[in-house]
Amino acid sequence: MKVTRPPAHDPVVQELCAEQQAELAFRQRDVVDDTPKHLDPRIAFVLLWSGREGVGGQAVGCAGLQPLEPGVGEVKRMYVRPAARGRGLSRRLLTEVEAMAGERGIHTLRLETGRLFTEAIGLYTAAGYVRIPRFGPYAGCAESVCFEKRLGAPQDAATLGA
């Protein structure tokens, strides 16, 4: 697997994000979801490629890092194509986003997922994220579940107010 960091306007990023949104819409078809769908140009992306980019390789997953406030960022658009799932690629993407956050002086990562996405919730809790109250645009969305991780520090749910 190769990792690249293209800009948000990269066509491959756009393609993977469109696939992610389509899957979310399909899986939540009975749920009213009014959370924002646009792709913020400030999101820095990580792509995972099978093989070498441009030489028979295919982008198999993406994840983004969006700045929220000084020292705080949000994991966005985490997605692995269905054919590539079950190989630990989501964990690799999350690790790459955490590394990118550290490089940018971000010490706290937040994220949102749907309450029905048990696989994602399992990934995030196993990676040290703890549940927090819904934040920002997710505050009024009953279908959202939010998490936070303080990078470089042991997680303690009691200290995070969860």
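Determine which single condition G122 fails, assuming it passes every other condition in (1) without any contact (Cβ under 8 Å) to a residue 60 or more places away in the chain; (2) part of a strand (DSSP E or B). Of the numbered conditions (1) without any contact (Cβ under 8 Å) to a residue 60 or more places away in the chain; (2) part of a strand (DSSP E or B), the odd one out for G122 is (2). Between G140, G128, G152, the distinction of being assigned to a loop (DSSP other than H, G, I, E, B) and at pLDDT 95 or above belongs to G128 only. With respect to R87, determine if the residue is basic (K, R) and either touching a residue at least 24 places away in the same chain (Cβ under 8 Å) or within 20 Å of P41 (Cα to Cα) (or both). Here the answer is no, as R87 does not meet what is asked. From the set of residues in the range 1-31 that are within 24 Å of L68 (Cβ to Cβ), in contact with a Gly (Cβ under 9 Å, 6 or more places away or on another chain) and in a loop (DSSP other than H, G, I, E, B), which is modelled with the lowest pLDDT? Result: Q28. Of all the residues in the range 96-118, those that are closer than 24 Å to P70 by Cβ and free of Cβ contacts under 8 Å to residues at least 24 places away in the same chain number 2.
Residues in the range 57-77: is at least one surrounded by fewer than 18 Cβ atoms within 10 Å (Cβ to Cβ), part of a strand (DSSP E or B) and free of Cβ contacts under 8 Å to residues at least 24 places away in the same chain? Taking every residue of the range 57-77 in turn, at least one turns out to be surrounded by fewer than 18 Cβ atoms within 10 Å (Cβ to Cβ), part of a strand (DSSP E or B) and free of Cβ contacts under 8 Å to residues at least 24 places away in the same chain.
When I43, I106, I132 are checked against the criterion of being of a type outside the set (K, R), crowded, with 16+ Cβ neighbours inside 10 Å, more than 13 Å from the chain's Cα centre (by Cα) and under 21 Å from V3 (Cβ atoms), I106 stands alone in meeting it. Across the range 32-73, the qualifying residues are those that are closer than 18 Å to F117 by Cα and among the acidic types (D, E), and the one among them that is modelled with the lowest pLDDT is D34.
The values are calculated or read from the model by the stated rules, or taken from the named source; none is laboratory data. Bear in mind the structure is a predicted one, so any value in this text is a computation, not a measurement. Quick reminder, even Gly has a Cβ in these numbers, built from the backbone with ideal geometry, and neighbours come from all protein chains shown.
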